[in-house]
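This report refers to the structure that appears directly beneath it.
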Amino acid sequence: MSSILVTGLKGGVGRTTVAEALRFVADKEGFVVDVLDGHARLNCDLRKKAAGADLALIVVEAGVFGQLDIGFLAAEMLKDNTRCAVLVNKAREEADLSLLDLLKELNIPYAGSIPFNRYFAYELSEGKVLSEEDQKTYKLMQDVLALAAATEV
């Protein structure tokens, strides 16, 4: 069984949204994966989960704060040889080129992005799973699962 740690330094909603979307797609597609919803703080429990994970999916928002989150979390994850990928939540319409440049510099894969969408916010407030409601998010979660299953990034 592979495992994916979904983590990020912002509050829990974005990480939980992605973790639930991954669980939904894994179940539908028959992936055997343990999706670990990480904490917003770098603590002993998060380090323990990261050490056992096949992939740490760092969920950030676009912009300078997302870049800071990537730099901080990736340094910790990579220090323990945990493979990382980054997913941008609430993405703007245009690509965040400086964030993409940072990922290239750190040799961390860009998994993709979930755009900010008021409809998504409404659906999530109703307790729905985003990958069930949106086909692009479903495909994005398939890609993340495939990345976790890959032996090399």
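The values are calculated or read from the model by the stated rules, or taken from the named source; none is laboratory data. As the structure is a computational prediction, the values presented were derived from the model and not from experiment. Cβ sites come from the backbone with ideal geometry, for glycine too, and all protein chains shown count toward neighbours.
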>> Here is a check on your reading of the model: is Glu93 in a helix (DSSP H, G or I) and surrounded by fewer than 20 Cβ atoms within 10 Å (Cβ to Cβ)?
In response: no
>> Can you pull out every residue in region 97-135 that is part of a helix (DSSP H, G or I) and either small (Gly, Ala, Ser) or loosely packed, with under 13 Cβ neighbours inside 10 Å (or both)?
In response: Leu97, Ser98, Asp101, Lys104, Glu105, Arg118, Tyr119, Ala121, Tyr122, Ser125, Ser131, Gln135
> Yes or no: Asn81 within 21 Å of Ile4 (Cβ to Cβ) and in a loop (DSSP other than H, G, I, E, B)?
Replying inline: yes
>> Filter region 24-75 down to the residues that are surrounded by fewer than 12 Cβ atoms within 10 Å (Cβ to Cβ), at pLDDT 75 or above and not in a helix (DSSP H, G or I) and list them by number.
In response: Gly30, Val32
> Restricting to region 63-97, what's the tally of residues that are of a type outside the set (S, T, N, Q), closer than 14 Å to Phe116 by Cα and in contact (Cβ under 8 Å) with a residue 40 or more places away in the chain?
Replying inline: 2
> out of contact with any helix residue (DSSP H, G or I) (no Cβ under 7 Å at 6 or more places or on another chain), within 16 Å of Leu87 (Cβ to Cβ), among the basic types (Lys, Arg) and at pLDDT below 85, is that true of Arg15?
Replying inline: yes
> What number of residues within region 43-62 satisfy the criterion of being within 21 Å of Ser113 (Cα to Cα) and in contact with a Leu (Cβ under 8 Å, 6 or more places away or on another chain)?
Replying inline: 7
